[in-house]
1. With a point put 7 Å past each Cα toward its Cβ, work out how far residue 58 is from residue 9 in nm, to one decimal.
2. Given a Förster radius of 22 Å and the C-beta distance between residue 44 and residue 17 as r, what FRET efficiency does 1/(1 + (r/R0)^6) yield to the nearest 0.05?
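Throughout, read-outs are computed from the coordinates displayed, never taken from laboratory work. Please read all numbers here as calculations on a predicted model, not as lab measurements. Virtual Cβ from ideal backbone geometry, glycine too; neighbours counted across all protein chains shown.
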C-alpha cells in the first residue's frame, strides 16, 4: 500500500502482513519475501517500507532485527540495510 512520509517528503510502502508457515521457516524464505517487497517498492518509486509487529511476537522482532529494522518508529530504506 503506497504511503507518504510527510516528515521526509518521500513516498514509501506499508506492508500489512508477512507470514511464512511454521514448517517453512528458517530456510531464508522470509528474507527472500522482504527482498521482493523492497524491489517492488523501488520499482514503484518508493524509498522505504514500513510495517507493524505485535509486541508479543518475539520471533518477528528477531527476524526484522536481523534485517536491520530495529524497533520503534523505524523505516527500512528499500534496497539497503540502512535504518531511517
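1. 4.4
2. Computed FRET efficiency for residue 44 and residue 17 comes out at 0.75.
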